[in-house]
1. Pairs needed: first member in segment 133-146, more than 18 Å from P161 (Cβ to Cβ); second member anywhere, in a strand (DSSP E or B) and more than 16 Å from the ligand (Cβ to nearest atom); C-beta distance under 6 Å; at least 6 residues apart or different chains.
2. Looking at E371, E359, can you tell me which residue is acidic (D, E) and either buried (at least 22 other Cβ atoms within 10 Å of the Cβ) or in a helix (DSSP H, G or I) (or both)?
3. Output the number of the condition that W88 fails; it satisfies all remaining conditions of (1) surrounded by fewer than 24 Cβ atoms within 10 Å (Cβ to Cβ); (2) within 16 Å of the ligand (Cβ to nearest atom); (3) not basic (K, R).
4. Which condition number does L249 fail, the rest of (1) over 29 Å from P290 (Cα atoms); (2) aliphatic (A, V, I, L, M); (3) surrounded by fewer than 21 Cβ atoms within 10 Å (Cβ to Cβ) being met?
5. Just to check your reading of the model, which residue among V71, V21, V81, V46 is surrounded by 19 or more Cβ atoms within 10 Å (Cβ to Cβ) and either in contact with a strand residue (DSSP E or B) (Cβ under 8 Å, 6 or more places away or on another chain) or farther than 21 Å from F401 by Cα (or both)?
6. May I ask you to say which residue of R389, R421, R363, R432 is over 18 Å from V188 (Cα atoms), in contact (Cβ under 8 Å) with a residue 40 or more places away in the chain and assigned by TED's automatic domain parsing to the domain that holds V119?
7. Given the conditions (1) modelled with pLDDT of 95 or more; (2) under 18 Å from the mean Cα position of the chain (by Cα); (3) surrounded by fewer than 22 Cβ atoms within 10 Å (Cβ to Cβ), and given that E99 satisfies all but one, which numbered condition is not satisfied?
8. Quick one: A265 ticks every box in (1) over 30 Å from L427 (Cα atoms); (2) under 26 Å from the mean Cα position of the chain (by Cα); (3) touching a residue at least 60 places away in the same chain (Cβ under 8 Å) except a single one, so which number is it?
Amino acid sequence: MVDLTAESAEVLATLIRHNTVNPPGNERAAIEYLDAYLTAAGFRTVQLAAEPERPNLVATLAAEGDAGGPVLGLLSHVDTVLANPEEWRRDPWSGEIDEHGYLWGRGALDMKSQTAAEVVAAATLAREGWRPARGALRVIVVSDEETGGEIGARWICENHPDAVRCDYLLNEGAGATFELGGRRRYGVCCGEKGIFRFLLTARGRAGHASLPRNGENALLKLAPVLTRLGAAQPSYRLTEPPRELLAALTGLDAAQIDETTAAAAVAALTHEHPDLPALLEPMLGVTLAPTMAHASDKINVIPSRATLKVDCRVPPGLGEEAALAALHEVLGDSADLVEISFTEQVYGYLSPVHSPLMETIERWLAAEDPEASTVPVLLPGYSDSSWFRRAFPDLIAYGFFPHRHMPITEVAPLVHSADERIDVRDLTYATRFFIAAARDLLG
Ligand SMILES: [Zn+2]
């Protein structure tokens, strides 16, 4: 019997010691290490690269013969965001384990831990002589997620779709627990929101700032716009995952969850857990956040033009129309003060909440943590799953890395922050999940 804890900790520490801060990424050494590791276990591997120093790895273990059957993909990225060692209590590239059993380093949560769990699970199965009874197990490790996947997931899906085609996909996005109604809940991420960004432009007439009434100050026209954006978010626009999430939280049937019951549920939740609505509410509709403003280039010139950039996130299945409707709802009359144009439009994608892959997760959880249950969630931000969902419309993709010991309130603040670390027991727990998932889905 292999020691899964020692092996997954060793693989994670090795990955952390490869500095893959993106930019520049430099993922090649980490990818080559994983290639050798999976090849030795019996996987057929291929590296596909848009840039030689930044390859992507695809490793496949297929059933004997060509019997068809589903392909289960285990996806992860090996690049990380930067880390400033001065802000850390330990070296961000040490991979050391402290006296409390935490393994430290940039990527310990996002997401070298999942890479380690997925490859150790895959290698363990292959070395034991396990082969899929049908279909294939495919480990996909990409570069370049943290800046959008241009030469990672996006590139590989657009340029080598046959190499990475999957029917089911497990990636990052959820899996840390939260307690509700006395019950532990594991989030399973069923989709990512879309990004529809606006540029709002107010126009006026330039003049000398020493004579304020002499021009028409475009900047002042942004004031009511900003006030409105600060005062309220648009009404909820519910999609399937949050409907089911609220049903699980309230005990109501998903069909009974509408905008009114959702508002009541959020109000009740705020009472019970003041921190949770900030994480939950973005899943329930379009969000608007003004982030950048610009007016005059000179302090003594009244601006004839002032601009405001608004970051807008839209639930999967909705697009431009929903974004515009949300903006007009919030701005009201003040919309007349500005010209509205989109600067970016990226659609979100969604997998069904009920699927064979969800049943696999639920069966495993029923055995491992019978008191707990899964709840579907939406990722307010982006992940590589978006590119896979776009390339393969029938794909069922979930974000799931189960944490048994670190709750979401401990995990979330450490992602992209100083002192990122993982409880080694959670690493083993997740490794065992990926082993069980492959066996359950592929036989
Ligand atoms: Zn990530």
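The values are calculated or read from the model by the stated rules, or taken from the named source; none is laboratory data. Keep in mind the model is a prediction, meaning the values are calculated, not measured. Cβ sites come from the backbone with ideal geometry, for glycine too, and all protein chains shown count toward neighbours.
1. Between residues of segment 133-146 that are more than 18 Å from P161 (Cβ to Cβ) and residues that are in a strand (DSSP E or B) and more than 16 Å from the ligand (Cβ to nearest atom), the close pairs are L137/L61; L137/L72.
2. So the residue among E371, E359 that is acidic (D, E) and either buried (at least 22 other Cβ atoms within 10 Å of the Cβ) or in a helix (DSSP H, G or I) (or both) is E359.
3. All conditions are met except number (2).
4. For L249, the failing item is (3).
5. Result: V71 is the single residue among V71, V21, V81, V46 that is surrounded by 19 or more Cβ atoms within 10 Å (Cβ to Cβ) and either in contact with a strand residue (DSSP E or B) (Cβ under 8 Å, 6 or more places away or on another chain) or farther than 21 Å from F401 by Cα (or both).
6. R421
7. E99 satisfies every listed condition except (2).
8. That leaves (3) as the condition not met.
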